[in-house]
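Here the structure is laid out as structure tokens; the discussion comes afterwards.
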Amino acid sequence: MSREDILAALMAQARTQGAELLTLRAIVEEASVLAGDRVLERLGLGDAGAESDLMELRELLRAWRDAKTSAWKALVDWVIRGALALLLIGIAVRLGAWDLL
């Protein structure tokens, strides 16, 4: 019995016998599962390999974030080194050490 059939049977039961709390909860649960399955199918994630695809995408995203963080750290490091080098050159010029060269 498919999820659509189960949902249809629960809806018919609620219509004929009245909607008890247990029946309503079962309807909501089956409708939620059915909607989730439909969303996954529409996104192309309803097949058996979807879980491994998602894990691979998460690894790729984690690697991208790590690379981006490393690049920013390297850029900040180079900017600080350049500023310190300019500061040292300025101090050398100010003290007259430039003339010694």
Using the scaling law 2.2 N^0.38 Å as the reference, what is the normalised Cα Rg of region 1-46? 1.28
Using only helices, what value at 222 nm comes out for the chain when you add -39,500 (n - 2.57) per DSSP H run of length 4 or more and divide by the total residues, to the nearest 500 deg cm²/dmol? -29500 deg cm²/dmol
Can you give the relative contact order of the chain as a percent, counting alpha carbon pairs under 8 Å and 6+ residues apart? 14
Restricting to DSSP loop positions (anything but H, G, I, E, B) with no more than 14 other Cβ atoms inside 10 Å of their own Cβ, which chymotrypsin sites (Phe, Trp or Tyr not before Pro) remain in region 50-101? Trp98
Charge dipole of region 1-74 built from unit charges on the beta carbon (Lys, Arg +1; Asp, Glu -1), centred at mean Cα; most positive-end Cα among Ala12, Met55, Val28 is Met55
Within region 13-48, list the GluC sites (Glu not before Pro) lying in a DSSP loop whose Cβ has at most 14 other Cβ atoms in a 10 Å radius. Glu20
Any idea what % of Cα-Cα pairs in region 19-101 are farther than 18 Å? 73
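Read the figures in this text as sums done on the coordinates, not as results from a lab. Every value quoted in this text rests on a predicted model; they were computed, and no experiment measured them. A quick note on method: Cβ atoms are made from the backbone with ideal geometry, for glycine too, and the neighbour counts reach across all protein chains shown.
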